[in-house]
Amino acid sequence: MVPSRRGRPARVPAVLALLAAVAAGGALAACGDAGGLRGAGATPAAQSPARLWPDLTPASTPAYDIGEVDNETVQGVAVPGGDIRRTDPVAAVRAEIAAHPDEYEGAGAPYRETADRMADCGGGAGSGRCPVLRPYYRDLTGDGRPEMTLGFRLLPEELTAVRVYTADGDRLVRIMSYEDAVSAVELAGRTVIVRSPSEVAGYEYRLQWTWDPDQRAMLLTSDEMLRTDDGGRHTGRPSATPTPSPAPSSAATDSPSAGSR
């Protein structure tokens, strides 16, 4: 006799006999089992990457400035009490328009209609004909405080600008900036995913930005082309699953936002 974990005696011979009986029964059943393991065929041999042009001198600097890092304080827009939810998203867009008059002001400006329709934002973002979409709030940097993900229409072009802002004390800092013919925007964990239509039928682009604490910005960490089904829906899913949340309210939400064309 040996004590069990609960201090009660365990009958070892009986236990061993039971295990032996179970093993024997399993062996007999396996003899007549028509659904046993079957071979799946030959497995392709693994191939290591083949490096091309090994004598090519590696580049040390980029040929083009594609704006990998976006970290810029928004002038004239404060974050009251360090709470980014209290920042006016319309004011953030107005500040961007003021900083880039060549893009928004004048007859030849590509997004002149956006500037004109900012006058319709008296009811706040997401109201009426205001080109500023409703903001979404979620912690994307891992500091326990929410960031503001904001979108606004670039008119008369069929484009959507996507921005992410964080608070640095009472300062508003832009940490991500992108614009395209956007078909969807998703927040997956601490990642921003932007989907855009492709010129190739049956495909779409999926771009992914992830927070980098060293650069203090969200970096473009993935840029890929994915196949879509015939209905135009996505066949691929984000690498991280968005957190389900209730419908957005006028105050704040952490639900993923979608920018329509």
Exactly one of ALA78, ALA40, ALA95, ALA59 is without any contact (Cβ under 8 Å) to a residue 24 or more places away in the chain and in contact with a Leu (Cβ under 9 Å, 6 or more places away or on another chain), and that one is ALA95
For VAL162, are the conditions met, namely being in a loop (DSSP other than H, G, I, E, B), touching a residue at least 60 places away in the same chain (Cβ under 8 Å), in contact with a Ser or Thr (Cβ under 8 Å, 6 or more places away or on another chain) and open to solvent by less than 10 Å² (accessible area, probe 1.4 Å)?
no
Options ARG145, ARG206, ARG190, ARG153; residue that is more than 14 Å from the chain's Cα centre (by Cα), farther than 18 Å from VAL77 by Cβ, open to solvent by 10 Å² or more (accessible area, probe 1.4 Å) and of a type in the set (Lys, Arg)
ARG153
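Every residue, every condition in (1) more than 20 Å from GLN208 (Cβ to Cβ); (2) open to solvent by less than 10 Å² (accessible area, probe 1.4 Å); (3) among the hydroxyl-bearing types (Ser, Thr, Tyr), yes or no:
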site: TYR104; (1), (2), (3): yes, yes, yes
site: THR114; (1), (2), (3): yes, yes, yes
site: GLY122; (1), (2), (3): yes, no, no
site: VAL132; (1), (2), (3): yes, yes, no
Scan segment 120-137 and give yes if some residue there is in contact with an Asp or Glu (Cβ under 6 Å, 6 or more places away or on another chain), aliphatic (A, V, I, L, M), touching a residue at least 40 places away in the same chain (Cβ under 8 Å) and part of a loop (DSSP other than H, G, I, E, B), otherwise no.
no
Output for segment 78-95, where each listed residue is open to solvent by 20 Å² or more (accessible area, probe 1.4 Å) and within 28 Å of ASP116 (Cβ to Cβ):
ALA78, ARG86, ASP88, ALA91, ARG94, ALA95
Which one is most open to solvent (accessible area, probe 1.4 Å), of the residues in segment 193-203 that are more than 27 Å from GLY144 (Cα to Cα) and not charged (D, E, K, R)?
ALA201
If the requirement is being in a loop (DSSP other than H, G, I, E, B) and modelled with pLDDT under 75, which of these qualifies: ALA59, ALA40, ALA21, ALA45?
ALA40
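The values are calculated or read from the model by the stated rules, or taken from the named source; none is laboratory data. Bear in mind the structure is a predicted one, so any value in this text is a computation, not a measurement. Every residue, glycine as well, gets a Cβ built from its backbone with ideal geometry; the counts of neighbours run over all protein chains shown. These accessible areas exclude ligands, DNA and RNA; they are computed on the full protein's heavy atoms, side chains included. Shrake-Rupley method; radii C 1.70, N 1.55, O 1.52, S 1.80 Å.
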